[in-house]
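Worksheet for the structure shown next.
Any read-out appearing in this document is the output of simple, stated calculations on the displayed coordinates, not a laboratory observation. Everything quoted here is computed from the prediction, not taken from an experiment. As a convention, Cβ positions derive from the backbone with ideal geometry for all residues, glycine included, and neighbour counts pool all protein chains shown.
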Amino acid sequence: MKALMLDGPGQTRMAEVAHPGKPGAEEVLLRVRMVGLCGSDLSTFAGRNPLVSYPRIPGHEIAATIAETGAAVPGAWQAGMAVTMLPYSCCGRCAACRRGRVNACRNNQTLGVQRDGALTEYVLAPWAKLRAAPGLPLRTLAMVEPLTVGAHAVRRGRVAPEDTVLVIGCGMVGLGAVAAAAWRGARVIAMDVDEGKLELARRAGAREAVRGGEGYAAAMAELTAGEGPDVVIEAVGTPQTFRLAVEAVGFTGRVVYIGYAKEPVSYETKLFVQKELDILGSRNATDADFDEVIAMLGGGSFPVDDAVSLVVPLEEAGAALARWCADPASMRKIMVAIDEEAR
Ligand SMILES: [Zn+2]
Ligand SMILES: [Zn+2]
């Protein structure tokens, strides 16, 4: 069967790889239909992902159809069903796993990063990682996983209907936070330096949009009567936005970091104490986040088509990655249709 193989940074080729074979007792064989490419695939392509080794088949944002089920798979999972899946693994032994926080497993292996991913025709998956989403079109189904990352930050921030939430950065991760916070009934203020991203954030549920950079503080003060938002979600990953989050947030607010800065960040730490902040990290996503995003997407309020820049066949996925790498701002979500019908 066909697969997109990354032999090293910038080196892609269409490869012929072995079919994964029969599912084990607790596994299903998935026919992959549509796969979204995300920032981590781009990092893998560019050789900037320290967790990846080559050769590697990338891809972890999956819309698939169940082809075959293993002997011990519950009957609710049937051949022909459309599913997506959690692309993470967990060891069950580390401190995170023992606390039930399996999304932050110390020994996590993400599909397409530490193990081969989904840019191929068939993959095996443990049935426990599957999520069903009856009625969602393939593109929408492949959009679930990238949106869950922002939705998880919203969960970490305990966002409630009475909250005002500032989301800094409206790439796909920030957009997921905007949509999930709005879905919970909160008032969402989106911040970005890119007007197009702010427009998309509005369509995803942001009530207000603020241009990042100079003048943001005055705009925020006006929107929140000088109080600052209850929750700030940072989805950029620069020292400036890390600092901005604790400066902008209101007293006793919550700050959630999804991005991570490549360099050390210096802080005015008195703000942590003075405001008595909850400062939280957010990593990957949980079953509950998947269920929330699937329900949200089922409601039809998320602008899936506006968020997808390009749909390409598997044969063109390597070229699409190269184009995206050359001009990262030019693309939102790229989707790869594995078969003709999926397009
Ligand atoms: Zn992703
Ligand atoms: Zn673990």
Sorted largest first, the Cα spans of the chain on the principal axes come out in Å as 60, 42, 37
Given backbone amide H placed at 1.01 Å from N, residues whose amide H is under 5 Å from that of residue 193, ignoring those fewer than 5 places away on the same chain, are 212
Rg/Rh over Cα atoms for the range 149-281, Kirkwood Rh, comes to 0.92
Sequence order, the range 177-187: Karplus ³J(HN,Hα) from phi using 6.51 cos²θ - 1.76 cosθ + 1.60, θ = phi - 60°, Hz rounded, Gly and Pro as x, gives 5, 4, 5, 5, 5, 5, 4, 7, x, 6, 8
Expected sort for 242, 45 with the fewest Cβ neighbours (10 Å cutoff) up front is 242, 45
Listed by chain and number, the lysines with an alpha carbon less than 21 angstrom from that of residue 22, same-chain partners under 8 positions apart left out, are 2, 129
Cα convex hull volume per residue for the range 181-221, in Å³, equals 55 Å³
One point scatterer per Cα, no solvent, Debye formula: log10 I(q)/I(0) for the range 247-300 at q = 0.15, 0.17, 0.20 Å⁻¹ comes out as -0.64, -0.74, -0.84
Going residue by residue through the range 267-272, the Karplus relation 6.51 cos²θ - 1.76 cosθ + 1.60 with θ = phi - 60° gives ³J(HN,Hα) values, rounded to whole Hz and with x marking Gly or Pro, of 10, 7, 5, 4, 4, 4
As a percent rounded to 5, the proportion of antiparallel DSSP bridges among beta bridges in the chain is 55 percent
Expected vector for the range 112-127, Karplus 3J(HN,Hα) from phi with 6.51, -1.76, 1.60 and θ = phi - 60°, integer Hz, x for Gly and Pro, equals x, 10, 8, 9, 5, x, 9, 7, 7, 8, 9, 9, 9, 9, x, 4
Taking a label point 7 Å from the Cα of residue 132 along Cα-to-Cβ, the residues of the range 9-45 whose backbone nitrogen sits under 17 Å from it are 27-31
